[in-house]
1. Report the residue count in the stretch 44-54 for those that are surrounded by fewer than 17 Cβ atoms within 10 Å (Cβ to Cβ) and small (G, A, S).
2. Limited to the stretch 116-143, what total is found for residues that are in a helix (DSSP H, G or I) and in contact with a helix residue (DSSP H, G or I) (Cβ under 7 Å, 6 or more places away or on another chain)?
3. Might you check whether a residue that is part of a helix (DSSP H, G or I) and in contact with an Asp or Glu (Cβ under 8 Å, 6 or more places away or on another chain) occurs anywhere in the stretch 100-107?
4. So if I check each of V114, V41, which one is surrounded by fewer than 20 Cβ atoms within 10 Å (Cβ to Cβ) and in the same structural domain as Y219 (by TED's automatic domain parsing)?
5. Looking only at helices (runs of 4 or more DSSP H) that fall completely inside the stretch 41-96, which ones have 1 or more residues that are within 20 Å of Q25 (Cα to Cα) and in contact with a helix residue (DSSP H, G or I) (Cβ under 8 Å, 6 or more places away or on another chain)?
6. If I ask for residues that are aliphatic (A, V, I, L, M) and buried (at least 16 other Cβ atoms within 10 Å of the Cβ), which ones from the stretch 6-38 would you list?
7. Criterion first (within 22 Å of K161 (Cα to Cα), in contact with a Leu (Cβ under 8 Å, 6 or more places away or on another chain), in contact (Cβ under 8 Å) with a residue 60 or more places away in the chain and surrounded by 14 or more Cβ atoms within 10 Å (Cβ to Cβ)) does Y130 satisfy it?
Amino acid sequence: MITEHFDWDRIHFVVFDVDGTLYNQRKLRLRMAGEMIADAVATRGLTNLRVLRAYRSVREIIGEQEIDGFQECLMAKTVARTGVSAERMEAIVAEWIERRPLAYIESCRYNGLVELFAGLRRGNKAIGIYSDYPAEEKLQRMKLSADYILSAEDVGVGVLKPNPRGLRILMQRAGVSPEQTVLIGDRPDRDGLAARRAGVLPFIRSQKPRDGWRIFSNYSDRLFAPLLREKVFE
């Protein structure tokens, strides 16, 4: 279902996913693919690529299983699948998933986000970030800021979406109810389900229809028009 009109007056807390929601993940991965190819040629090996593929695959499975304290399990299963030591695996993940993409992330940021964040602040709405990966440095690189930031890896969370634990913690910190909150994400199976299980309304960024979901295609969508008009808050 495409959402055209929405009453934002009752909303006090807007929570965003990060990867695929604040920036074009496909565009970033294409840029990273060039670096991966160059690395494979330089090292004459595919170990890094093999480890990253295994890591992402295992992480998806662990998310589906909602394993509590997932990081230890993620490491053990990735090591078992690849035969690479835990120390080397951690170094590869830190280099290729955490550090190198930061150089491209601002150029992949979706249009309209700066304006939307400004509109939310004019409307006295708190901004939250709820990501499966650490998000602080990504936000800094994209020149975005939030009032509350939480990732699945933080103490007290320890479980990936669609488990709603992190979202509930964020709402508690912000002092709001589920009825006063919306979550904006790009994956119905993760962001959308986490929101629904927490009693929160999800909006899903998508270029195609998603049966049963409220979707928008970009941050200039009519859905956000009331937030982008300064006169609404005068």
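The values are calculated or read from the model by the stated rules, or taken from the named source; none is laboratory data. Bear in mind that the values here come from a model prediction, so they are computed numbers and not experimental data. Cβ: placed from backbone, ideal geometry, glycine included. Neighbour counts: every protein chain shown.
1. Applying the first criterion (surrounded by fewer than 17 Cβ atoms within 10 Å (Cβ to Cβ)) to the stretch 44-54 yields 44-47, 49-50, 53.
Add one more test, that the residue is small (G, A, S), and what stays is 45.
Final tally of qualifying residues: 1.
2. 8
3. For the stretch 100-107, residues part of a helix (DSSP H, G or I) and in contact with an Asp or Glu (Cβ under 8 Å, 6 or more places away or on another chain): present.
4. V114
5. Where helices (runs of 4 or more DSSP H) fall fully within the stretch 41-96 and carry at least 1 residues being within 20 Å of Q25 (Cα to Cα) and in contact with a helix residue (DSSP H, G or I) (Cβ under 8 Å, 6 or more places away or on another chain), they are 47-65, 86-93.
6. Scanning the stretch 6-38 gives I11, V14, V15, V18, L22, L28, M32, M36.
7. Values: within 22 Å of K161 (Cα to Cα): yes; in contact with a Leu (Cβ under 8 Å, 6 or more places away or on another chain): yes; in contact (Cβ under 8 Å) with a residue 60 or more places away in the chain: yes; surrounded by 14 or more Cβ atoms within 10 Å (Cβ to Cβ): yes.
Yes; evaluated as a whole, the condition is true for this residue.
Yes/no per residue for (1) of a type outside the set (G, A, S); (2) touching a residue at least 60 places away in the same chain (Cβ under 8 Å):
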residue: V155; (1), (2): yes, no
residue: L160; (1), (2): yes, yes
residue: G166; (1), (2): no, no
residue: L170; (1), (2): yes, yes
residue: G175; (1), (2): no, no
residue: I184; (1), (2): yes, yes
residue: F203; (1), (2): yes, yes
